[in-house]
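Engineer: Right, I'll just put the structure down here and ask away after.
The values are calculated or read from the model by the stated rules, or taken from the named source; none is laboratory data. If you're wondering where the values come from, they're calculated on a predicted model, not measured in any experiment. Glycine also receives a Cβ, built like all others from the backbone with ideal geometry; neighbour counts cover every protein chain displayed. The area values use the complete protein model at the heavy-atom level, side chains included, leaving out ligands, DNA and RNA. Shrake-Rupley method; radii C 1.70, N 1.55, O 1.52, S 1.80 Å.
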Amino acid sequence: MPIEIVCKIKFAEEDAKPKEKEAGDEQSLLGAAQGAAATRDLATFASRSTLHGLGRACGPGPHGLRRTLWALALFTSLTAFLYQAAGLARGYLTWPHLVAMDPATPAPVAGFPAVTLCNINRFRHSALSDADIFHLANLTGLPPKDRDGHRAAGLRYPEPDMVDILNRTGHQLADMLKSCNFSGHHCSASNFSVVYTRYGKCYTFNADPQSSLPSRAGGMGSGLEIMLDIQQEEYLPIWRETNETSFEAGIRVQIHSQEEPPYIHQLGFGVSPGFQTFVSCQEQRLTYLPQPWGNCRAESGLREPELQGYSAYSVSACRLRCEKEAVLQRCHCRMVHMPGNETICPPNIYIECADHTLDSLGGGSEGPCFCPTPCNLTRYGKEISMVRIPNRGSARYLARKYNRNETYIRENFLVLDVFFEALTSEAMEQRAAYGLSALLGDLGGQMGLFIGASILTLLEILDYIYEVSWDRLKRVWRRPKTPLRTSTGGISTLGLQELKEQSPCPNRARAEGGGASNLLPNHHHLHGPPGGLFEDFAC
């Protein structure tokens, strides 16, 4: 007959306390897990969010008419905010700008601009040799023949040098300049620099940017005043018309900054003989905005020149560079007034290359040559007036002084007076009319008005989305494991296999039971006074 042995083990209250503590720790961990899960719940998040109306529309509580109205109000406010925000964003992306003009402030000294002047007649007739007339036939329209009347077919001349022809046959400033004064001081032809333009050999006063002359007062007599003889008797006779034939008499003048090369055939103005021309200047400092507000060209900040042959970028320099590239592409040479070290075009194709230059250049951003305006620009506004010279009394005086007749004086002499209206400069600046700070301020105002939100509210929503997304990803990645032990109501139940492995008396059962172990089910009874814990184990 098998014998059943029942073992009863009594744990003291001190031994039961650690288990109670472990149970309490387990409950606290479960509570923490439940709290973490609660933060991922939409209702809990809505009740804690700082977004106005979200807690009343999506928070915990019964669903009813009141919650429906709150949800409708929240949706309407959110829609109104998004509509206003879209309008603000569209207004910002148009990149509006305005032009602000700062009041002019007087200065004790102002830098005088550069003044470039050219005689409209490019070549002096008396200075042209037979070889010059032969080579310049296409440019001047004169018949190529020598003094004996031989035609061009029988003439042989060496290859021409265009720079030498311009220097030798152009009007010399020493012969044209009759008087010169700057701010009450005498000046001469040595104060002018030679420069080449489409009009040939020209001259620039105050051309050096490193040592520009200052103007210490405004008004007449405080600037440049010169008297010129345009030498009309040296003008070329017109045998036939060409694109370079000129019917005018006088000079072309351009007033510009020292950093900008003269572009006188496009930007210059004419001064006629027999008049005294007054040019009142006003310095204007212009500041434009780069992309995306405008199309100006910002300074590169590099030490190398931005355009080859020029120390600084300017629209005139850019246009001359484009002309040079067009001429190089068609004629494989450059004209004299273009910068570079390439071969200078010979006179026989000079006019053809010049015509192609004008035809190949386009205007605007879609043309082959787009020259944006620099972001910082100095220009000079001009007001031009004139009076006739000489009067009857001065005509006789000038005729005796320069050994000319009065008719010659009236047909060839002119006076040019360039001065500052006042020693003030106008500052015109483009400014962004609606910047990023204004956009953020308007968006913040709309958010506060319609939904009562702020940047921190947006961070709350992003944090909630992150927590929910991360929790779902962890659930997808985590593989469930089959537990060997199950816990129900704090009672541990051992499986049959575990019970066999953990039995404290397997040998005795075999001995008494004849080789077969009969195991009784576990019994859990509570005995003893309150607070004591008893567990029965059956072997």
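Engineer: So, in the range 103-139, exactly how many residues are among the charged types (D, E, K, R) and not in a loop (DSSP other than H, G, I, E, B)?
Structural biologist: Number satisfying all stated conditions: 2.
Engineer: Just name the residue that is nearest to residue 56 (Cα to Cα) out of those in the range 433-452 that are touching a Ser or Thr at 6+ places or on another chain (Cβ under 8 Å) and part of a helix (DSSP H, G or I).
Structural biologist: 450
Engineer: Could you check the range 207-235 and list, in sequence order, the residues that are open to solvent by less than 10 Å² (accessible area, probe 1.4 Å) and not charged (D, E, K, R)?
Structural biologist: 215, 223, 224, 226, 228, 230
Engineer: Among the residues of the range 375-386, are any touching a Leu at 6+ places or on another chain (Cβ under 8 Å), closer than 20 Å to residue 258 by Cβ and either of a type in the set (Asp, Glu) or outside any strand (DSSP E or B) (or both)?
Structural biologist: Yes, because at least one residue in the range 375-386 is touching a Leu at 6+ places or on another chain (Cβ under 8 Å), closer than 20 Å to residue 258 by Cβ and either of a type in the set (Asp, Glu) or outside any strand (DSSP E or B) (or both).
Engineer: Moving on. For the list (1) farther than 16 Å from residue 415 by Cβ; (2) of a type outside the set (S, T, N, Q); (3) at pLDDT below 90, I need the number of the one condition that residue 221 fails.
Structural biologist: Every listed condition holds for residue 221 apart from (1).
Engineer: A further question follows. Tally up the residues in the range 385-410 that are open to solvent by 100 Å² or more (accessible area, probe 1.4 Å) and in contact (Cβ under 8 Å) with a residue 24 or more places away in the chain, please.
Structural biologist: So the count comes out to 1.
Engineer: Go through 396, 479, 404 for me and flag whichever is assigned to a loop (DSSP other than H, G, I, E, B), at pLDDT 85 or above and not hydrophobic (A, V, I, L, M, F, W, C).
Structural biologist: 404 is the lone residue from the list that is assigned to a loop (DSSP other than H, G, I, E, B), at pLDDT 85 or above and not hydrophobic (A, V, I, L, M, F, W, C).
Engineer: Being touching a Ser or Thr at 6+ places or on another chain (Cβ under 8 Å), modelled with pLDDT of 90 or more, among the hydroxyl-bearing types (Ser, Thr, Tyr) and surrounded by fewer than 16 Cβ atoms within 10 Å (Cβ to Cβ), is that true of even one residue in the range 240-263?
Structural biologist: Checking the range 240-263: not a single residue is touching a Ser or Thr at 6+ places or on another chain (Cβ under 8 Å), modelled with pLDDT of 90 or more, among the hydroxyl-bearing types (Ser, Thr, Tyr) and surrounded by fewer than 16 Cβ atoms within 10 Å (Cβ to Cβ).
Engineer: A further question follows. Quickly run through the range 159-186 and pick out the residues that are among the hydrophobic types (A, V, I, L, M, F, W, C) and in contact (Cβ under 8 Å) with a residue 24 or more places away in the chain.
Structural biologist: 162, 163, 165, 166, 173, 176, 177, 180, 182, listed by residue number.
Engineer: Turning to a different aspect of this structure: For the range 63-102, how many residues meet the condition of being closer than 30 Å to residue 285 by Cβ and outside any helix (DSSP H, G or I)?
Structural biologist: Residues in the range 63-102 being closer than 30 Å to residue 285 by Cβ and outside any helix (DSSP H, G or I): 9 in total.
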